[in-house]
Amino acid sequence: MDLVITRQAYSPVLSEQAPRRSGIEPVIQRALNVGSINGDNVPLPQAEPNFPTPRIESETLDSTMSPVLSRPTENEHARDEFSCNPLVREESSHLKAPNGRHIGFIFLGPTSTWSFCRRVLAMATDRLPQIDSPEDPYNMDGTAVTFRWTRISADKDPDISDLPSFDYALYLFNAVKFYLGQLFNIIDEESFMQGLNEFYEDAATKSRLSRTWYCQYLLVLAFGKAFVVTPETPSSPAGSKYAARAMGMLPDLTDIRDEPLLAIEVLCLAALYFESIDMRVAAYQHIGQALRICFVEGIHREVSEGAVGSKVSQRCSTVWWTVYILDREFSALLGTPSSVQDEDITTALPSERDNSLRAAATTLQIQLARLTSRILTMYGSRNSAIGDVYPTEAAQPDRRTGVS
């Protein structure tokens, strides 16, 4: 099967094929409602006729020209075809919001999977019209499950009712380590176990004096229940009541000075939980808070063991790279720019600290996250010329990660 590569409507290749496109551009225009939030039709620019240029074949001319100039290589042709992302427009891409949403439009990120599905559904509906078929579901953010919580003020004692026994809580923690710890090293086991023992000795005092740790404990219970218990209803995952209780006590931005690393870990857990129940916007916002705490505390820079000790230095490195990976992944899912500049990072990679398999796996995740960001930079902007970036950046391995 031949692969046909096309470009924008104003490019020569697409101009030649414009009569045979059967109205794909109007379909995309209708799906995006670009240029009018109220859904008014905006005509697309007509492709100008493209007349083929006669090819000059002369042995004398070919003999005097350099082979590189006279015969473009196959790589140059391919690079020119992928010089920009055809789904990214000069103007912003927005979709008219369905009824019930306060704001009148929805942003369609160039790398958003949800945005891609909306485009595909609109094109399929136009090509295969079915009058009696129901309207395409929007699957808006936060509608997959029912999840609500109530904010608890700082002067009110946390709710410690209906909590599992110590043994069952330890079982749920080990389940979280087994399932979640294979991908993300979010929880510092030593400090968590110390807090767990203190909590079951005096739950009221521990939850009141260390609300941030109590949030972490509740999120561990929520994840553990989700991993090992079958939910009673599809719209409410197991353990969601613990997660809702934790969200109501998340650390305030002005109350994280005493335990910044713990606050970052809790925000990472909260962001990951929001992502798991298809609340991507909330997940992105919470990981953004964690990222800015990292910047304020300076753990994106190497924290020397001589200044803070080996344990704290290792924990800072682990926390930073966890936030880095989650921020890159959530940014890609929403189609938003990444907030991290790799040039500002001096924290050593996990594989540079030890030779364990876990450190190697985490380093691979970091490399994948960095590649994802590079792809977003190349394909997420109309002003980015991929053909110019490729030979100078992508062809050379990264100094710190070895990514090429």
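Structural remarks
- Placing +1 on the Cβ of every Lys and Arg and -1 on the Cβ of every Asp and Glu, with nothing else charged, gives the stretch 178-289 a dipole about its Cα centre of roughly 380 debye.
- Backbone N atoms of the stretch 169-211 closer than 15 Å to the 7 Å Cα→Cβ label point of Val228 belong to residues 169-181.
- In terms of the mean number of neighbouring beta-carbon atoms within 10 Å, the peptides 269-279, 302-312 order highest first as 269-279, 302-312.
- Distance in nm between pseudo-label sites at Tyr179 and Arg208 (7 Å out along the Cβ direction from Cα): 3.4 nm
- With a simple spin-label model that places each label point 7 Å from the Cα along the Cα-to-Cβ direction, the separation between Glu198 and Arg148 comes to 3.5 nm.
- Here the stretch 181-287 is treated as an ellipsoid with the same Cα gyration tensor; its semi-axes, largest first and in whole Å, are 22, 17, 13.
- Translational diffusion coefficient (Stokes-Einstein; Kirkwood radius from C-alpha pairs) of the stretch 166-394 at 10 °C, 1.306 mPa s, in µm²/s: 85 µm²/s
- The relative contact order of the stretch 166-394, computed from alpha carbon pairs under 8 Å that lie at least 6 residues apart in sequence, is 15 percent.
- Pairs beyond 28 Å (Cα-Cα), from Lys156/Lys311; Lys206/Lys241; Lys156/Lys225; Lys156/Lys241: Lys156/Lys311
- Spin-label model distance (nm) - Ser339 vs Lys156, 7 Å beyond Cα toward Cβ: 2.8 nm
No lab work stands behind these numbers, since they all come straight from the coordinates. As the structure is a prediction and not an experimental result, all values here were calculated from the model. So basically every Cβ, Gly included, is an ideal-geometry build from the backbone, and we count neighbours across all protein chains shown.
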